[in-house]
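The values are calculated or read from the model by the stated rules, or taken from the named source; none is laboratory data. None of the values given here were measured: they were computed from a predicted structure. Neighbour counts run over all protein chains shown; Cβ positions are idealised from the backbone, glycine included.
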Amino acid sequence: VTGWIARHGTYAGYGAHARADERPCDACYRAKERYDARRRAAPAHVRACRLRARAQHAALGRLRALNPELYRRFYEEEKRRLEDEST
Ligand SMILES: [Zn+2]
């Protein structure tokens, strides 16, 4: 793989294989299985929170596509506000 940065035997390694459109090595495949099992084992409230976050992210993406200028304006406003708060 060219430009390989992720380590084998990690979830990031699995993702790198996938992005390079290649079959993951055994170590990365096992890491992915461990990652999935751990996510499935998360408590119900954690899974519910994760689902809400994904829904919010998807909805925001759709709104942004609908009105990029307004999204950009709100984003810059909120960013400035947060930067002001933290100084
Ligand atoms: Zn690998």
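For R39, work out the one condition from (1) of a type outside the set (D, E); (2) within 14 Å of the ligand (Cβ to nearest atom); (3) at pLDDT below 95 it doesn't fulfil.
For R39, the exception is condition (2).
Every residue, every condition in (1) near the ligand (Cβ under 10 Å from one of its atoms); (2) among the acidic types (D, E); (3) modelled with pLDDT under 95; (4) under 18 Å from the mean Cα position of the chain (by Cα), yes or no:
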site: G3; (1), (2), (3), (4): no, no, yes, no
site: D21; (1), (2), (3), (4): no, yes, no, no
site: A27; (1), (2), (3), (4): yes, no, no, no
site: E33; (1), (2), (3), (4): no, yes, no, yes
site: A48; (1), (2), (3), (4): no, no, no, yes
site: A55; (1), (2), (3), (4): no, no, no, yes
site: A58; (1), (2), (3), (4): no, no, no, yes
